[in-house]
1. Restricted to the stretch 38-74, and to residues that are at pLDDT below 80 and closer than 13 Å to Phe104 by Cα, which residue is farthest from the chain's Cα centre (by Cα)?
2. Kindly provide the set of residues from the stretch 75-114 that are under 20 Å from Ile37 (Cβ atoms), basic (Lys, Arg) and at pLDDT 75 or above, ordered by number.
3. Which ones in the stretch 8-37 are closer than 29 Å to His105 by Cβ and either assigned to a strand (DSSP E or B) or free of Cβ contacts under 8 Å to residues at least 12 places away in the same chain (or both)?
4. List every residue pair whose Cβ atoms sit under 6 Å apart, with the two residues 6 or more apart in sequence or on different chains, where the first one lies in the stretch 90-110 and is part of a loop (DSSP other than H, G, I, E, B) and the second, anywhere, is open to solvent by 60 Å² or more (accessible area, probe 1.4 Å) and polar (S, T, N, Q).
5. Given the criteria within 14 Å of the chain's Cα centre (by Cα) and over 22 Å from Val125 (Cβ atoms), does Phe13 qualify?
Amino acid sequence: MQSGLKIAEFIVFFAIIAAIIVYLLRFGFSHLFDVVIGREGLDVVVFRRAVIATIPYSSIERAERRWIFQSIDASAPWSVTLPITNRVGLRPIIIKLKRRIGIFHHIAITPKDPVRFLEELQSYVPASGGDLGGRVTGPPNG
């Protein structure tokens, strides 16, 4: 009787762990925080309501979908990419800032629909603000 109880506990434990992994692969942390297009810039929101930070449109030089490991820019060798990624398995959008924020010259975000996000972002950033084309660089997204 005791070994049957341990097997049942193991199966329940395994099912809970599997459910957590499936949830994180499907939704990531998008229910906790996300990056959305706001009036003044890209808003970092928590719990889908509270804006905790804004990246002004005027500070964005370029945005493109890029492989996360190719986010280092040769013109800024000491720069590090700030990951605001909340979804697993999506190729992030790398935003190059006009000025460095500390050691960060790039910000990586993973919106729900990256192509639509880039198109909408292009309408908010002035044409002189840089290249916001939807091109993709890097290895294919398996």
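The values are calculated or read from the model by the stated rules, or taken from the named source; none is laboratory data. Because the structure is a prediction, the values reported are computed rather than measured. Note that each Cβ is placed from the backbone with ideal geometry, even for glycine, and that neighbours are counted across all protein chains shown. Ligands, DNA and RNA are stripped out before the accessible areas are found, and what is left, the full protein with its side chains, is counted by its heavy atoms. Shrake-Rupley method; radii C 1.70, N 1.55, O 1.52, S 1.80 Å.
1. So the residue we want is Asp73.
2. If the condition is that a residue be under 20 Å from Ile37 (Cβ atoms), basic (Lys, Arg) and at pLDDT 75 or above, then Arg91, Lys96, Lys98, Lys112 are the ones that fit.
3. Phe33, Asp34, Val35, Val36, Ile37
4. Hits for this filter: Arg91/Asn141.
5. On the way: within 14 Å of the chain's Cα centre (by Cα): no; over 22 Å from Val125 (Cβ atoms): yes.
Against the criterion (within 14 Å of the chain's Cα centre (by Cα) and over 22 Å from Val125 (Cβ atoms)), Phe13 does not qualify.
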